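Encoded as C-alpha cells, the structure appears first; notes follow it.
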Amino acid sequence: MVAVVRTRVARTRFAMGLAVALFAAGVGPVAHAASIETIAKQAILVDITSNTVLFEKSPDQRMAPSSMSKIMTMYMVFDAIKEGRLTLDSTLPVSERAWRMQGSKMFVELHNNIKVDDLIKGVIVQSGNDACIVFAEGLAGSESAFAERMNKRARELGLKDTNLTNATGWPDPNHYMTARDLAILAEHLIKDFPEYYHYYSIREFKYHGINQGNRNPLLYRGMDVDGMKTGHTEAGGYGLTASAEREGRRLILVVNGLPNMQARADESARLIEWGFREFATYALFKAGETVDQVPLWLGAQDTVPVTVPEDMKVTMARADRSGMKVSLVSNAPVAAPVKKGDVVGKVVVSAPGFPGKEFPVVAAQDVEKLGFVGRALAAAKFLIFGAS
C-alpha cells in the first residue's frame, strides 16, 4: 500500500495539463545515483520500463552512428512486413551496386533473388551493407529514395536530430544521429515489432557458405542482453546500441566514440550492470486503481475517486527509496460537474537525490452538478460555516 499525502494548490497558481513524462517525447526525468564516468564520447542509459534516463553524456551531440543506423533500416523493413508489403518468404533481387558494396558483407550473389528472412539475418547478425542496399532498392527503388523515407519516419517517431543519407551507416558528414535519438529508435523498434525483435539475439548466421557471428559482444556475456547493433567508422569511433531485460526491467544503452572493440564491450557491460545494480523500478499504482478522493464543489457527492490512467512506476536509486514521498496535488475543491477521465490533479513522486516525477490523476466516475436547491443550500452552508 502506497501512502499518499494530499496537497491542495490554489486554483490561480495551479497549472494542469502535465501528462506522464515520456522519454520518447524527449522529456523523461534523469535519475542519478552515485556518479559514474565513461570514456565514451556520447552515451545514454535509459530504463524504458518507467521512461527514466539513468545516465547521459552529451546525449544530444550529433555523431556518426555508423552501422547503428541500420536499426532504422530494419525498422522500415519490419514496418513493410507488418503492412503486408513484404513477407519473410518474399524474395528481393541483388543489383550490381548491392553486390559491389564494400565494408561488412553478407556476400549476396549478383542477380540472385534472396529471401527476406535471410536478408534480415544478413543485416542484423552480419551487419551486411550489401543486404541493406538490397532492402533499400527493393522497398524504395533506390537508396536515396529509401533514405528520404527513413528521414520522414524518423520525424514521425520523434527523432529530433537525425538525418540519414544511406541505408548502411556508410561515412557521410550529412549522415548523423544523436545517442538520444538512437535510444528512442531502439525503444520504438522493440515495442512496435516485438514479433521480430528476436532476430537481434541470433548469435551466428551462415550464408553463401560463410558463417559469421553477431558483432554484439554483450550477447556472449550472459548478462541478459538480447540486442541490438554495433557500429564503427573512423568518424564515429566504436559504438553500440544494446538492450537488456532483467526482472521485468528493460534498459537501453547507447555508447559511441570508444577507442577500440574491447573498450566498447567492457564499457557497455559496465554501464548496463551499473544501471541494474544501482537503480530499481517501483510499481506504485496500477491503471484504474483508486489513488484517493478529491473534494468537489457543488457536486452531487462531496468527493470523487481519482485514479491513474496507466500503470504508475518510478525508477530511482535504491538508496533513495527510503525517502520517497508520494503526494496528490489538486486545485480542490474541483467544481462539478466532473466526467470520468477528466484530469483533476496529479501525483508527485519525490525523494532526496531524485528529481521528481509527475503523473496525471483522473476522475474515476461521472459526478453531476447539484440542482438549484442543492446549490442554494451549499451556498448557505458556506456563508454560515465557511469552507470545510
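Every residue, every condition in (1) in contact with a Gly (Cβ under 8 Å, 6 or more places away or on another chain); (2) in the same structural domain as T52 (by TED's automatic domain parsing); (3) within 30 Å of Q42 (Cα to Cα), yes or no:
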{"site": "L251", "(1), (2), (3)": "yes, yes, yes"}
{"site": "N256", "(1), (2), (3)": "yes, yes, yes"}
{"site": "D266", "(1), (2), (3)": "no, yes, yes"}
{"site": "L271", "(1), (2), (3)": "no, yes, yes"}
{"site": "D302", "(1), (2), (3)": "no, no, no"}
{"site": "S327", "(1), (2), (3)": "no, no, no"}
{"site": "N331", "(1), (2), (3)": "yes, no, no"}
{"site": "K339", "(1), (2), (3)": "no, no, no"}
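Within region 31-42, work out how many residues are touching a residue at least 60 places away in the same chain (Cβ under 8 Å) and either surrounded by fewer than 17 Cβ atoms within 10 Å (Cβ to Cβ) or in a strand (DSSP E or B) (or both). Selection size over region 31-42: 4.
Among residues of region 43-66 being among the hydroxyl-bearing types (S, T, Y) and assigned to a loop (DSSP other than H, G, I, E, B), the one that is surrounded by the most Cβ atoms within 10 Å (Cβ to Cβ) is S50.
Within region 251-273, residues that are basic (K, R) reach partners that are surrounded by 24 or more Cβ atoms within 10 Å (Cβ to Cβ) with beta carbons closer than 8 Å, at six or more positions or on different chains, in the pairs R264/T230; R264/G239; R264/L240; R264/V255; R264/L258. Of the helices (runs of 4 or more DSSP H) lying entirely inside region 67-177, those containing at least 1 residues that are surrounded by fewer than 16 Cβ atoms within 10 Å (Cβ to Cβ) and either outside the structural domain of G239 (by TED's automatic domain parsing) or without any contact (Cβ under 8 Å) to a residue 24 or more places away in the chain (or both) are 96-100, 143-156.
Quick one: in region 201-233, which of the residues that are among the basic types (K, R) and part of a strand (DSSP E or B) is nearest to D117 (Cα to Cα)? If we take residues in region 201-233 being among the basic types (K, R) and part of a strand (DSSP E or B), then K206 is nearest to D117 (Cα to Cα).
Close contacts from region 299-316, counting a first residue that is under 14 Å from V344 (Cα atoms) and a second that is at pLDDT 90 or above and aromatic (F, W, Y), with Cβ to Cβ under 9 Å and a gap of 6+ residues or different chains, come to T307/F285; V308/F285; V308/F359; P309/F359.
The single residue among N174, N214 that is within 24 Å of the chain's Cα centre (by Cα) and closer than 26 Å to A235 by Cα turns out to be N214.
Across region 352-385, the qualifying residues are those that are part of a loop (DSSP other than H, G, I, E, B) and in contact with a helix residue (DSSP H, G or I) (Cβ under 9 Å, 6 or more places away or on another chain), and the one among them that is modelled with the highest pLDDT is P352. Please determine whether any residue of region 306-314 is at pLDDT 95 or above and surrounded by fewer than 14 Cβ atoms within 10 Å (Cβ to Cβ). Checked region 306-314: no residue is at pLDDT 95 or above and surrounded by fewer than 14 Cβ atoms within 10 Å (Cβ to Cβ). Out of T230, T290, T281, I need the residue that is at pLDDT below 95 and touching a Gly at 6+ places or on another chain (Cβ under 9 Å). Which one? Sole residue among the options that is at pLDDT below 95 and touching a Gly at 6+ places or on another chain (Cβ under 9 Å): T281.
The values are calculated or read from the model by the stated rules, or taken from the named source; none is laboratory data. Small disclaimer: the values here were computed from a predicted structure and weren't measured. A quick note on method: Cβ atoms are made from the backbone with ideal geometry, for glycine too, and the neighbour counts reach across all protein chains shown.
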